[in-house]
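Structure first, then comments.
Any read-out appearing in this document is the output of simple, stated calculations on the displayed coordinates, not a laboratory observation. Bear in mind the structure is a predicted one, so any value in this text is a computation, not a measurement. Virtual Cβ from ideal backbone geometry, glycine too; neighbours counted across all protein chains shown.
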Amino acid sequence: MNNTTPHWIAIGLLLAVIAGIGVKVIVLGSTASGKDGRTAVLLNEDERHMVLAEMHGLLEATQQIVDGLASNDLKQIEQAALAVGSQAIGTMDFALKAKLPLEFKQLGFATHYAFDDIAETARNGHAPAAIQAKLADTMNKCIACHASFQLPLNTAKGVTL
């Protein structure tokens with residue numbers, strides 16, 4: 001008689017470990033509770049710099065869009081929005097993405113896709129008010145992210161929350 005039960009138990013345990021790692025990587029990320037009620041995303045100095053640089057790029061694009069709205073320059077709006085649109089998502093490395101919690105990633109992806117929408121709206125020659133409304137909605141994603149998350153500094157003594 002061939003007893004395969006131990007094999008199925010081992011396979012089940014292996015799948016449970018893989019699922020646990022998947023939940024940690026995809027959903028939870030590397031986080032802690034911040035003193036101010038926001039979720040602290042725990043990154044090393046280089047990773048923190050990469051995320052902050054991406055945010056800075058989004059802010060610069062927003063300024064260029066506002067400037068384009070003021071001067072009614074739809075081409076400037078389109079180019080600024082495309083620079084930080086969905087094509088920018090693929091530039092972040094996997095190890096960093098694994099440390100980011102799911103909600104942070106969802107807000108980030110939605111923001112990049114929203115800039116694609118702004119670019120398309122400008123490309124199609126829509127009125128500045130329509131572009132401005134899309135930009136306002138996009139900024140709500142930024143506000144939601146900053147209200148929910150912080151990127152604490154790692155110090156030699158530990159994480160500063």
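Here are some notes:
- You will find that of Ala83, Ala119, Ala98, Ala144, the residue that is crowded, with 16+ Cβ neighbours inside 10 Å and under 30 Å from Ser30 (Cα atoms) is Ala83 and no other.
- Taking the criterion of being under 27 Å from Gln150 (Cβ atoms) and of a type in the set (Ser, Thr, Tyr), the residues of region 80-123 that qualify are Ser86, Thr91, Thr111, Tyr113.
- The set of residues in region 91-108 that are within 23 Å of Asn140 (Cα to Cα) and in a helix (DSSP H, G or I) comprises Lys97, Leu102, Glu103, Phe104, Lys105, Gln106, Leu107, Gly108.
- Looking across region 61-90 at every residue that is in contact with a helix residue (DSSP H, G or I) (Cβ under 7 Å, 6 or more places away or on another chain) and not in a helix (DSSP H, G or I), the one that is farthest from Ala110 (Cα to Cα) is identified as Asn72.
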